[in-house]
Amino acid sequence: MNHDYQTYKGTWKEDLRLYVHVPFCVKKCAYCDFLSGPSNGKGIESYFNALYKEIRSYKDRTRDYIVTSIYIGGGTPSCVDSDYITRTLNEIKDAFELSIDIEPEITIEVNPGTMYIVDSNNLNSFENGRNKLKEYKKAGINRISFGLQSTHDHELRLLGRIHSYSEFLENFNQARELGFNNINIDLMSALPGQSTWSWEETLIRIAKLNPEHISAYSLIIEEGTPFYDMYGPEGEERDKLPSEETDRLIYAMTKEKLMSQGYKRYEISNYAKEGYECRHNIAYWERVSYLGLGLGSASLIGNTRFSNTNSLKEYMNIINGNHNKFMSTNTKKIYNIGILDDFYGIRRNIISLTKNQQIEEFMFLGLRKSDGVSKSSFLNKFGISMDYIYDKQINKLEKERLIIIEKDFVKLTDYGTDVSNMVLSEFLID
């Protein structure tokens, strides 16, 4: 499939992916450094009203684009009333052109512990998980991504998750009964005190459920989190983290177990049944244009990267105020010409990528995929051969058995995948 252009009613338009950020959660997990936090019903309602306005600002500014995937992430999108999700998708369908030649992939992240919580108006009524899933399906969502992390309840408690394994199973079975045939399950390894036996049991249990997609990530200890205080370089319990050797054994075990069950590792941490690779995430690794909507969301349009402000107060004040007073003179001059215009003045960290930066991203994002990077695609995109730029690095890494060259493609070996951060750093130019 050509990821750069799609057809819409016979007209070629540039492929565009949408990310929608829902920055709310019931409780912050102990390892999480994402832009998220708890809120009350009034705060959630106010945020979504601002989000609708941002979405509507793109109407008539995206005529050259066709949306082929939408990803609703967070935070925890499933912790808010399904009405907000339905309204968000309706606003998107009104403001953007969605592909009709290829059904758009529409994903929502679901935390199993949020399917039975009090609704966002803090009423004394509970929304049954089945009903919430029904509403998602009715709204057009066709892919569910369950944030499970582990099948062991003691590990879930350690992580600060608000659900049990049995609650996840109930949600998963409900999704299957309602006809969701594209389900991802997130798993997390290299937990403090985790044994290879524990991880193997999690893999076996999940593979038996036969989801279409499994994301298997290693825990990363991020500064500013409770886990950093406990397990960071100065943490009293830092010795409980698995060794690098154990982490590599876990990676090898993951590949062996999942491939034996019919999954293909198509990216360093992602496995899928044939035809169920996450189209939205592939766009990130192949540098297809994507637009972030909502607080702190990131975008890549052409060769321009930017993100929305990560200050909730600023986001709300700007969108709900007189946006003209926030726009620069230069922004006013180009207003309503195209998708790159900053309608409200909420964008930050705007970077026009140099050719060298584009080349670097092509390599270290593309090499995350099991298929690797194509030399012919490199030549077509940049007008120069990959070997001319990277001959020294490629020869060195090939001799060290960190990469292999198969016809037109440069790929990481299994060993190269184990030390991927080191390998990918070799392709930095500046």
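The fraction of all Cα pairs in the range 217-257 landing in successive 5 Å bins from 0 to the largest distance is 6, 23, 24, 18, 14, 10, 4, given as whole percents. Computed extension length for Tyr388-Ser352: 10.5 nm, one decimal, from 0.36 nm per residue of separation with the Cα-Cα distance subtracted.
Note that the range 392-403 has calculated 3J(HN,Hα) couplings of 5, 5, 5, 4, 4, 5, 5, 5, 7, 6, 9, 9 Hz, one per residue in order, obtained from phi through the Karplus relation 6.51 cos²θ - 1.76 cosθ + 1.60 (θ = phi - 60°); glycine and proline are x. GNM remark for the chain: springs join alpha carbons under 10 Å apart, and the peak mean-square fluctuation among Tyr271, Tyr231, Tyr263 falls on Tyr231.
Taking amide H as placed 1.01 Å from N in the peptide plane, Glu212 has its amide H under 5 Å from the amide H of Ile183, each at least 5 places away in sequence or on another chain. Mean projected area of the convex hull spanned by the Cα atoms of the range 251-313, taken over all viewing directions: 5.9 nm². Full extension of the chain segment joining Glu245 with Lys381 gains 45.1 nm, where the gain is 0.36 nm per residue of separation less the Cα-Cα distance. If you wrap the tightest convex hull around every Cα atom of the range 355-425 and split its volume per residue, you get 78 Å³. Listed by chain and number, the lysines whose alpha-carbon sits under 21 Å from that of Lys375, ignoring those within fewer than 8 places in the same chain, are Lys355, Lys392, Lys396, Lys399, Lys407, Lys411.
DSSP beta bridges fully contained in the chain are about 45 percent antiparallel. Counting charges near Ile162 (Lys, Arg +1; Asp, Glu -1) among other residues having Cβ under 13 Å from its Cβ returns a value of +2.
With only Lys, Arg, Asp and Glu charged, each at its Cβ (+1 for the first two, -1 for the last two), find how big the charge dipole of the chain is about the Cα centre; round to the nearest 20 debye.
Approximately 1220 debye in magnitude.
The residues Val80, Val419, Val110, when put in order of fewest to most other Cβ atoms within 10 Å, stand as Val419, Val80, Val110.
For the chain, the list of Cys residues with no other Cys C-beta under 4.7 Å reads Cys25, Cys79, Cys278. Computed with the Debye formula from one identical point scatterer per Cα of the range 50-190, without solvent, the log10 of I(q)/I(0) at q = 0.12, 0.13 Å⁻¹ comes to -0.53, -0.62. With the cut-off at 1.5 for a/c, could you classify the range 55-116 from its C-alpha gyration tensor as rounded, prolate or oblate? Prolate, since a/c reaches 1.5 and a/b exceeds b/c. Measuring against 21 Å, Cα to Cα, the residue pairs Lys264/Lys381; Lys208/Lys255; Lys13/Lys93; Lys27/Lys137; Lys208/Lys273 contain Lys264/Lys381; Lys27/Lys137 as the ones spanning a longer distance.
What list do you get for Trp197, Trp12, Trp285 if you sort them by fewest beta carbons within 10 Å?
Trp197, Trp12, Trp285
Each of Ser374, Ser425, Ser69 has some number of other Cβ atoms within 10 Å of its Cβ, and from fewest to most they run Ser425, Ser374, Ser69. Length gained on full extension, Lys53 to Ile204: 49.8 nm, using 0.36 nm per residue less the C-alpha separation.
Short-range pairs are left out: with C-alpha atoms under 8 Å and at least six residues apart, the relative contact order of the chain is 14 percent.
Separation of the range 373-430 from the range 136-212 is 34 Å, based on Cα centroids.
The string of couplings for the range 154-161 from the Karplus curve (6.51, -1.76, 1.60, θ = phi - 60°) is 5, 6, 4, 5, 4, 6, x, 5 Hz, one whole number per residue in order, with x for Gly and Pro.
Couplings 3J(HN,Hα) of the range 29-36, computed from phi: 5, 5, 9, 7, 10, 6, 7, 7 Hz, in residue order, whole Hz [Karplus 6.51 cos²θ - 1.76 cosθ + 1.60, θ = phi - 60°; x for Gly and Pro].
Quick note: the coordinates plus some simple rules give every number you see, no bench work behind them. Keep in mind the model is a prediction, meaning the values are calculated, not measured. Note that we place each Cβ from the backbone using ideal geometry, even for glycine, and neighbour counts take in every protein chain shown.
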